[in-house]
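Asks: Okay, here's the structure, questions in a sec.
The values are calculated or read from the model by the stated rules, or taken from the named source; none is laboratory data. Small disclaimer: the values here were computed from a predicted structure and weren't measured. Cβ sites come from the backbone with ideal geometry, for glycine too, and all protein chains shown count toward neighbours. Areas reflect the complete protein model, heavy atoms only, side chains present, ligands, DNA and RNA absent. Shrake-Rupley method; radii C 1.70, N 1.55, O 1.52, S 1.80 Å.
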Amino acid sequence: MSELSQEVVRVEDIVKDFRPGLGLKKKRVLHGISFSVRRGEIFGFVGPNGAGKTTTLKILMGLIFATSGKASILGHDIGESSFRRHIGYLPEGPYFYDYLTGREFLRFYAKLCGVPRAQIAERVTNLLEAVGLAHAGDERLRNYSKGMLQRIGIGQALVHDPQVLFLDEPMSGLDPIGRKEIRDLIWQFRDRGKTIFMTTHILSDVEMLCDSVAIIVKGKIQYQGAPKDFLKNERHSAEIVFAGLEKSIQAQIAERFQASVRDSDEHSQFGVAEDQVDDVLRALLEKGAQVVSVTPRRATLEMIFLNAVQEGGR
Amino acid sequence: MTEATAHEGQIEAASNGGLVRVLGSIATIAGNTVREAIRSRVLYLFLVFAVIMIGAGVLVSTLSYVDRPRILQDVGFAAVRLFGVAIAIFVGIGLVHKEVERRTIYTILSKPISRSVFLLGKYFGLVATVWLITFVMALAFVAVSRAAGAPVTLVHYAAFGLSAMELGLVTAIAIFFSTFTSPMFASLFSVGIYLAGHLSRDLRDLGAASESETFKIFGAWAHRLLPDLEGFNLTTHAVYGIPVTFPDVAYPVLYAMGYSAIILIAAMLTFEKRDFR
Ligand SMILES: Nc1ncnc2c1ncn2[C@@H]1O[C@H](COP(=O)(O)OP(=O)(O)O)[C@@H](O)[C@H]1O
Ligand SMILES: [Mg+2]
């Protein structure tokens, strides 16, 4: 398979301006973003609220039009419509037809997707089973809980057995059990060789689920890659807590190793780069300090995210 | 063969024939629209009021010593037309707006369904609903007329038929406005066009009778551009037993179809380009 066909989604330099109203100044929401998603991965499009995640997804789904730039899905320009039979989409916070039962709802989408009439009933039953709603198929959506709605929404996205699933904040507003159910569904889908594109602002979901991420802040991509590499790139550090050193000597050592310093009444604390821990300790002990503790400080995605937010703000 | 192309083959085989596919999608969306409408309370509220007003014609007519059947039927026709238009405009605009607001349209358009197909499905679903309601109101009208001893002739049925055609046109106008403006403005514009449409002959005649050249031209163009809705009004013929010729019925039917088609094409063009946000 060629390099290109490995790329399921490709976004190149997309810009989006919104006009808040007639005569009002237009507002740039996406500042030329580019990223790509590979076949078979769970891709996390991550960023704080208002970063532009939903806007990007709506452009990919053809619901709004980019001001400039190009994007393709499965090698087709997003302006075409033929590839749409291979994708499923769960919008953010959707309210479905609440006058339908779960079964009627899925039947409607199955018919729209051209599922042959003879297969519809079976397909719908299987889908209800797959999203864990077999017991609620004949209840109106009006009576569904938020988690159940999110699951029937995923059922709707899966009705034509798509290759790629686009989920906008699939976990938001769910309790821990609801989130676990959605996670399990996403894993099942990936295990069948499909690709998932999900947006989220919840970092624990990213750490648990995603093979690859792009971080977007204020309409700009701050990082794209594996969450693990992302952590590796960050300089790890350690905290050394010690006592019994004169302030002037302490300052000398701090300057030599470029350590950050925090003093409390009893102890002093150095923050140093991981690969310098040995040298710093040696220097401290030589001058007669009593080392109280050494603690590695791993950068979490949370911190990186906050850094990215700060950088994006500049 | 990759999994994707194998899959493509499977679905394509399943959905042979582009036109059949498109018509099927329109029918599915239309069917769902009818279902949504008949499961909503507003519709029954309108219908109950309409039937009450048709029945109330009996009371109103008892106030008079002459022409009781005529007064009864005048009130009845007025009820059918008033509530028909109210349903076409308010229910029609409401249902289109709800699709966007509730983001149900997002999932539909992410399937291989074009915006135009969606809009046509919505339109035919709404027209079917409005016609269903008109039919029920006509039944109530006939029942009340029979009970009160008022005659019901072929012309009465023709009048209901043309009312139905008019409502199809009004629904197209309501849908057109709701493709690009808020429900409030869409309702205002639609009601405005409906009222102006009933005056469009008067405008033409006023213009023709006027001294001013500008006014003449204005009247003529107003009549040409606005829908000529008085052409659909056979209620006076029905109530007063004025004979109706074949062209009196056939011409408005063709006119409604042509005018609706043009409005729907304009609606599809604006709908294809808009941002859903
Ligand atoms: N229809 C709209 N009109 C104007 N601004 C909008 C519209 N939709 C979103 N925005 C703005 O675009 C930015 C990105 O929004 P969104 O894509 O929804 O963010 P996210 O999904 O990452 O939370 C926000 O600042 C939001 O206020
Ligand atoms: Mg969002």
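Asks: Yes or no: A:Lys16 assigned to a strand (DSSP E or B), open to solvent by 30 Å² or more (accessible area, probe 1.4 Å) and modelled with pLDDT of 90 or more?
Replies: For A:Lys16, the condition - assigned to a strand (DSSP E or B), open to solvent by 30 Å² or more (accessible area, probe 1.4 Å) and modelled with pLDDT of 90 or more - is not met.
Asks: For B:Tyr194, state whether it is open to solvent by 80 Å² or more (accessible area, probe 1.4 Å), touching a residue at least 40 places away in the same chain (Cβ under 8 Å) and of a type in the set (Phe, Trp, Tyr).
Replies: Taking the combined requirement at face value, the residue does not satisfy it.
Asks: Let me ask something else about it. State all residues of segment B:134-149 that are aliphatic (A, V, I, L, M) and open to solvent by 10 Å² or more (accessible area, probe 1.4 Å); if no residue qualifies, say none.
Replies: B:Val136, B:Ala138, B:Leu139, B:Ala140, B:Val142, B:Ala143, B:Val144, B:Ala147, B:Ala148 - these are the residues of segment B:134-149 that are aliphatic (A, V, I, L, M) and open to solvent by 10 Å² or more (accessible area, probe 1.4 Å).
Asks: Okay, moving on. Among the residues of segment A:73-93, which ones are more than 7 Å from every other protein chain (Cβ to nearest Cβ) and of a type in the set (A, V, I, L, M, F, W, C)?
Replies: A:Ile73, A:Ile78, A:Phe83, A:Leu90
Asks: Follow-up. If you take the residues in segment A:39-50 that are in contact with a helix residue (DSSP H, G or I) (Cβ under 8 Å, 6 or more places away or on another chain) and away from chain B (no Cβ under 14 Å), which one is farthest from ligand 2 (Cβ to nearest atom)?
Replies: Among those that are in contact with a helix residue (DSSP H, G or I) (Cβ under 8 Å, 6 or more places away or on another chain) and away from chain B (no Cβ under 14 Å), it is A:Glu41.
Asks: Another question about this same structure. Any chance you could count how many residues in segment A:156-172 are at positive phi and within 14 Å of ligand 1 (Cβ to nearest atom)?
Replies: Residues in segment A:156-172 being at positive phi and within 14 Å of ligand 1 (Cβ to nearest atom): 1 in total.
Asks: Considering each of A:Lys70, A:Lys53 in turn, give the residue that is away from ligand 2 (no atom under 13 Å from the Cβ) and either away from chain B (no Cβ under 14 Å) or open to solvent by less than 40 Å² (accessible area, probe 1.4 Å) (or both).
Replies: When all the criteria are applied, what remains is A:Lys70.
Asks: Residues that are open to solvent by 40 Å² or more (accessible area, probe 1.4 Å), within 11 Å of chain B (Cβ to nearest Cβ) and either away from ligand 1 (no atom under 12 Å from the Cβ) or touching a residue at least 24 places away in the same chain (Cβ under 8 Å) (or both): does segment A:21-37 have at least one?
Replies: Within segment A:21-37 (the criterion being open to solvent by 40 Å² or more (accessible area, probe 1.4 Å), within 11 Å of chain B (Cβ to nearest Cβ) and either away from ligand 1 (no atom under 12 Å from the Cβ) or touching a residue at least 24 places away in the same chain (Cβ under 8 Å) (or both)), the answer is no, since none of the residues qualifies.
Asks: Would it be correct to say that A:Gly132 is crowded, with 20+ Cβ neighbours inside 10 Å, outside any helix (DSSP H, G or I) and assigned by TED's automatic domain parsing to the domain that holds A:Glu181?
Replies: no
Asks: Looking at B:Pro243, B:Pro227, which one is touching a helix residue (DSSP H, G or I) at 6+ places or on another chain (Cβ under 9 Å) and open to solvent by 80 Å² or more (accessible area, probe 1.4 Å)?
Replies: B:Pro243
Asks: Follow-up. Need the failing condition index for A:Ile64 against (1) open to solvent by less than 30 Å² (accessible area, probe 1.4 Å); (2) within 20 Å of the chain's Cα centre (by Cα); (3) within 16 Å of ligand 2 (Cβ to nearest atom), just the number.
Replies: In the conditions (1) open to solvent by less than 30 Å² (accessible area, probe 1.4 Å); (2) within 20 Å of the chain's Cα centre (by Cα); (3) within 16 Å of ligand 2 (Cβ to nearest atom), A:Ile64 misses (2) alone.
Asks: Output the qualifying pairs, or none if there are none: Cβ atoms under 6 angstrom, residues six or more apart or on different chains, first residue in segment A:44-59 and assigned by TED's automatic domain parsing to the domain that holds A:Asp77, second residue basic (Lys, Arg).
Replies: A:Phe45/A:Lys53; A:Gly47/A:Lys53; A:Thr55/A:Lys16
Matching residues to (1) under 29 Å from A:Ser34 (Cα atoms); (2) among the aromatic types (Phe, Trp, Tyr); (3) touching a residue at least 12 places away in the same chain (Cβ under 8 Å):
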| position | (1), (2), (3) |
| --- | --- |
| A:Arg140 | no, no, yes |
| A:Leu149 | no, no, yes |
| A:Asp161 | yes, no, no |
| A:Lys180 | no, no, no |
| A:Arg183 | yes, no, yes |
| A:Lys218 | yes, no, yes |
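Asks: Which residue out of B:Ile113, B:Ile89 is in contact (Cβ under 8 Å) with a residue 60 or more places away in the chain and away from chain A (no Cβ under 14 Å)?
Replies: B:Ile89
Asks: Sticking with this structure for a sec: Looking at A:Phe96, is it facing chain B (nearest Cβ under 8 Å), within 27 Å of the chain's Cα centre (by Cα) and aromatic (Phe, Trp, Tyr)?
Replies: Judged against the criteria, A:Phe96 is a match.
Asks: If you take the residues in segment A:113-128 that are in contact with a Gly (Cβ under 9 Å, 6 or more places away or on another chain) and not hydroxyl-bearing (Ser, Thr, Tyr), which one is farthest from the other protein chains (Cβ to nearest Cβ)?
Replies: Looking at the filtered set, the residue picked out is A:Leu128.
Asks: Right, here's the next one. Which of the residues spanning segment B:36-45 are at the interface with another protein chain (Cβ under 7 Å from one of its Cβ atoms) and part of a helix (DSSP H, G or I)?
Replies: Answer for segment B:36-45, where residues must be at the interface with another protein chain (Cβ under 7 Å from one of its Cβ atoms) and part of a helix (DSSP H, G or I): just B:Glu36.
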